[in-house]
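Structure first, then comments.
The values are calculated or read from the model by the stated rules, or taken from the named source; none is laboratory data. All values derive from a computational prediction rather than experimental measurement. Every residue, glycine among them, receives a Cβ derived from its backbone with ideal geometry; neighbour counts consider all protein chains shown.
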Amino acid sequence: MADASTHQRPLGQQMLRGIGIFQVIAALPTMVILGGCAYAQLFYSYERFYFFVADALNALLAAAIIFIVYIQRKAALTPLLTLLFESLKSVFATAMWVWLILDAAFGPWKEWYGARPGDVERRVDRAALAVVLLLILFYPPLVYSFYMWDLEAKKAGRDRGAGAGMEEGGEGRERSERTPLLAGRE
């Protein structure tokens, strides 16, 4: 017998919660490592300002993903809010991935001593592999939450549309397009 504290959720919502755990597992090291690098660069400013900005912004994007997952786990959300949160997480993860690709291709690291020919291609190839995380962890929940929101919107439209042709008196007569607006009122 189920305990009163046990929450029964539909399978889709439970899957979204489970994927959220893996999203946190992917975002947490990024937040900790890049946040630590940004913090260290506050005190040791021998690096370029670009590295501080890149590390700090990517750490904040990862922290935002973790915060959204936390909110999703603690709150009862409507399908619209779920869609909004999944959209935000996907946008943040995509922004981090685009930054990673652009940094690998055009970043100032190429000017370092010891940079060899072919380093750009190898870094871009490795950064491009990060798209696997997007395709597995971030985009499927977004598609599912859109599907659930659309399903609820269609259901709500049917519920609202069921009484649209009825008159206020509840007589059940359908109004056609040619019926005068004040027909049947005394």
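Among (1) surrounded by fewer than 10 Cβ atoms within 10 Å (Cβ to Cβ); (2) closer than 30 Å to residue 49 by Cβ; (3) modelled with pLDDT of 70 or more, there is one condition residue 159 misses while meeting the rest; what is its number?
All conditions are met except number (2).
For region 104-121, state whether one or more residues are within 30 Å of residue 16 (Cβ to Cβ), of a type in the set (A, V, I, L, M) and modelled with pLDDT of 75 or more.
no
With the requirement that a residue be part of a helix (DSSP H, G or I) and over 15 Å from the mean Cα position of the chain (by Cα), what does region 46-77 give you? Write out each step before concluding.
Start the filter on region 46-77 by keeping residues that are part of a helix (DSSP H, G or I), which leaves 49-74.
Of everything in region 46-77, those that are part of a helix (DSSP H, G or I) and over 15 Å from the mean Cα position of the chain (by Cα) turn out to be 49, 50, 51, 52, 53, 54, 55, 56, 57, 58, 59, 74.
Only residues in region 8-37 that are touching a residue at least 40 places away in the same chain (Cβ under 8 Å) and closer than 17 Å to residue 87 by Cα count as the first member; pair them with residues that are part of a helix (DSSP H, G or I) and of a type in the set (Lys, Arg), Cβ under 8 angstrom, at least 6 apart or cross-chain, and list the lot.
17/73; 20/73; 23/89
Let me confirm something: among 80, 100, 84, which residue is within 15 Å of residue 30 (Cβ to Cβ), of a type outside the set (Lys, Arg) and in a helix (DSSP H, G or I)?
Of 80, 100, 84, the one residue that is within 15 Å of residue 30 (Cβ to Cβ), of a type outside the set (Lys, Arg) and in a helix (DSSP H, G or I) is 100.
Give region 67-76 a look and list any residue that's among the aliphatic types (A, V, I, L, M), surrounded by fewer than 17 Cβ atoms within 10 Å (Cβ to Cβ) and under 21 Å from residue 22 (Cβ atoms), or say none.
71, 75, listed by residue number.
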